[in-house]
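Undergrad: Could you have a look at this structure, given as structure tokens, before my questions?
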């Protein structure tokens, strides 16, 4: 993450930065940077064998100020947990990490090296982030996300739209607010105060559950998969109904079981399709299947267990990803 971050940040110009090579390290090397008081700047120091290495370490130190703040408030990002070969905690951690990278990159856009000092085989760099400018950039980005969120929520309130379209709009709004949250926590670090969102993630999730409760599906799948699909529909709060306008089709493609080094493997793909009353496919997604066991008789049970663990999340992903026509 830091390599990607530093690659974006090291464009900062060196023109105008003070550079000294006196025998004694400057006062700012001990954390006392009088020219950059804490009420106006956030600073960090990096030390290395070269100027470039010192810069990288200074940016990393500045990034950690915000990374720690974000990591302290982890969020469960999924309404319906989906385990695709990993634990839901691992998937949640990966998504949080991506948000952390984005939020940290955005906050450090205004950071720049402002002081240098060196002696043979030792370089020091002071990096500074001006609080007011960072606050303005964060607020501007969050206002933009809030406007998009309110637009999607207003679109979802259109009574003429079917619940699937409304649901997709609300899920997009929820994702925007989830990406806004680390920016808001960074704002707290920069300015000491956060910006209250116009609509909370909890409120959006309640609206999503309300739309899910309105969904009725006519199910189509092989008998064993059909039972799992019925359970998944119930898990997300929707209902299966024989004469429903929306048809949900489940399909499992399986390759022959193979044996390798004492393990038996089954691979394939699981597909869900959603069609409207006219039979037009409005959403379709496909996920890989990979299960293993040391006894061939256990393969089917492993497949059922894995499918059962994933299918509610996959179903929600399907029904909340319909293309919007705004």
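Undergrad: Scan the range 17-32 for residues that are part of a loop (DSSP other than H, G, I, E, B), modelled with pLDDT under 85 and either out of contact with any strand residue (DSSP E or B) (no Cβ under 6 Å at 6 or more places or on another chain) or surrounded by 11 or more Cβ atoms within 10 Å (Cβ to Cβ) (or both) and jot them down. Don't jump to the end; show me each part of the working.
TA: Residues of the range 17-32 part of a loop (DSSP other than H, G, I, E, B): 17, 21-26, 31-32.
Imposing the further condition that a residue be modelled with pLDDT under 85 reduces the set to 17, 21-24, 31-32.
17, 22, 23, 24, 31, 32, listed by residue number.
Undergrad: Also, I was wondering about something else. Considering every residue within the range 83-91, establish whether at least one is buried (at least 17 other Cβ atoms within 10 Å of the Cβ), at pLDDT below 95 and within 15 Å of residue 181 (Cβ to Cβ).
TA: Scanning the range 83-91 turns up no residue that is buried (at least 17 other Cβ atoms within 10 Å of the Cβ), at pLDDT below 95 and within 15 Å of residue 181 (Cβ to Cβ).
Undergrad: Here's another thing I want to ask about it. Could you list, ordered by first residue, the pairs with Cβ atoms under 8 Å in which the first is in the range 176-197 and free of Cβ contacts under 8 Å to residues at least 60 places away in the same chain and not assigned by TED's automatic domain parsing to the domain that holds residue 150 and the second is surrounded by fewer than 21 Cβ atoms within 10 Å (Cβ to Cβ) and assigned to a loop (DSSP other than H, G, I, E, B), at least 6 apart or interchain?
TA: From the range 176-197, no pairs qualify.
Undergrad: Would you check if residue 160 is under 30 Å from residue 281 (Cβ atoms) and not in a helix (DSSP H, G or I)?
TA: Numbers: under 30 Å from residue 281 (Cβ atoms): yes; not in a helix (DSSP H, G or I): yes.
Spelling it out, residue 160 is indeed under 30 Å from residue 281 (Cβ atoms) and not in a helix (DSSP H, G or I).
Undergrad: Within the range 267-282, is there a residue that is under 25 Å from residue 207 (Cβ atoms), surrounded by fewer than 13 Cβ atoms within 10 Å (Cβ to Cβ), without any contact (Cβ under 8 Å) to a residue 60 or more places away in the chain and more than 33 Å from the chain's Cα centre (by Cα)?
TA: Taking every residue of the range 267-282 in turn, at least one turns out to be under 25 Å from residue 207 (Cβ atoms), surrounded by fewer than 13 Cβ atoms within 10 Å (Cβ to Cβ), without any contact (Cβ under 8 Å) to a residue 60 or more places away in the chain and more than 33 Å from the chain's Cα centre (by Cα).
Undergrad: Let me ask another. If a residue has to be surrounded by 19 or more Cβ atoms within 10 Å (Cβ to Cβ) and under 15 Å from residue 163 (Cβ atoms) to count, how many in the range 226-242 make the cut?
TA: 3
Undergrad: Just to be sure before I move on: is residue 298 farther than 20 Å from residue 237 by Cβ and touching a helix residue (DSSP H, G or I) at 6+ places or on another chain (Cβ under 9 Å) in the structure I sent?
TA: On the way: farther than 20 Å from residue 237 by Cβ: yes; touching a helix residue (DSSP H, G or I) at 6+ places or on another chain (Cβ under 9 Å): no.
The answer is no for residue 298.
Undergrad: Exactly one condition in (1) farther than 30 Å from residue 213 by Cα; (2) touching a residue at least 40 places away in the same chain (Cβ under 8 Å); (3) surrounded by fewer than 18 Cβ atoms within 10 Å (Cβ to Cβ) is false for residue 138; which is it?
TA: Residue 138 satisfies every listed condition except (3).
Undergrad: If you don't mind, there's one more thing I want to ask. For a quick check of your reading: which strands (runs of 3 or more DSSP E) sit entirely within the range 203-288 and have at least 3 residues that are in contact with a helix residue (DSSP H, G or I) (Cβ under 6 Å, 6 or more places away or on another chain)?
TA: Numbers: elements: 216-220, 246-254, 258-260, 263-275.
Result: 263-275.
Undergrad: Regarding residue 128, is this residue in contact with a strand residue (DSSP E or B) (Cβ under 9 Å, 6 or more places away or on another chain), part of a helix (DSSP H, G or I) and modelled with pLDDT of 90 or more? Working first, answer last.
TA: Values: in contact with a strand residue (DSSP E or B) (Cβ under 9 Å, 6 or more places away or on another chain): yes; part of a helix (DSSP H, G or I): no; modelled with pLDDT of 90 or more: yes.
No, not satisfied.
The values are calculated or read from the model by the stated rules, or taken from the named source; none is laboratory data. Everything numeric in this text was worked out from a predicted model, so none of it was measured. Don't worry about glycine lacking a Cβ; one is built from the backbone with ideal geometry, like all the others, and counts go over all protein chains shown.
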